[in-house]
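The values are calculated or read from the model by the stated rules, or taken from the named source; none is laboratory data. What you see is a predicted model; the values in this text were computed from it and never measured. Neighbour counts are summed over all protein chains in view; Cβ atoms, including those assigned to glycine, are modelled from backbone coordinates with ideal geometry. These accessible areas exclude ligands, DNA and RNA; they are computed on the full protein's heavy atoms, side chains included. Shrake-Rupley method; radii C 1.70, N 1.55, O 1.52, S 1.80 Å.
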Amino acid sequence: EMAGLNQLKLTGGRMENPFWKVSELMWDEDLNFDGAAAHADKTVGPASLFVNGGVFSLQTDISEPASLWSLQGGASIQPFTSFTAEVLNNFTLTGALAYFDYKNVTNPLSESTAITTAGGVKGNTSGLQDLNLLNSTFQVASQFHDIPWKLWWDWVHNTPVASGNNGFQ
């Protein structure tokens, strides 16, 4: 334990996705990140609190270096671990809130933006001023007769855009 934490993990270079996620709304399964990431967690009673953050470079063929700055905080709780019923004993609630700030990824006068170069938005990108994404995720999970199940919510909101700024699964 360091500074009252259960775990502190620092990672650099090419890595798997360092963020907790419930779907592929934000991140594809085979996506790797290049940069530096940090993870910390602390157990407080039946809850586990966690923080993930990082700074990542985005590979593009444009002259301005593009990057992603990110922070995610969340908690997971198992409130019924003392129950004998399998569905209650394994019942877990997990939720997180994250902010992803993309730097130098848009230029409304050019088709050579980091987003189009990476295979994202094609065609007219004049309406895409900036990418500052707020992402909330929530999951309820357990198992019944050794069969795991989960229900989840994943929502993303591009904060600087007035319309067409939400996505969800």
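At a 1.4 Å probe, what is the % contribution of carbon and sulfur to the accessible area of the range 1-106?
56 percent
Given a Förster distance of 22 angstrom, what is the FRET efficiency for residue 143 paired with residue 29, based on the Cβ-Cβ distance and rounded to 0.05?
Step by step, r from the Cβ atoms, then E = 0.45.
Full extension from residue 17 to residue 75: what is 0.36 nm times the residue separation minus their Cα-Cα distance, to one decimal in nm?
19.1 nm
Could you give the length gained on full extension between residue 43 and residue 99, defined as 0.36 nm per residue of separation minus the Cα-Cα distance, in nm?
Fully extending the segment from residue 43 to residue 99 adds 17.9 nm.
Rounded to whole Hz and in sequence order, give me ³J(HN,Hα) for the range 32-39 from the Karplus expression 6.51 cos²θ - 1.76 cosθ + 1.60, θ = phi - 60°, writing x for Gly and Pro.
Rounded to whole hertz, the list is 10, 10, 10, x, 10, 9, 9, 9.
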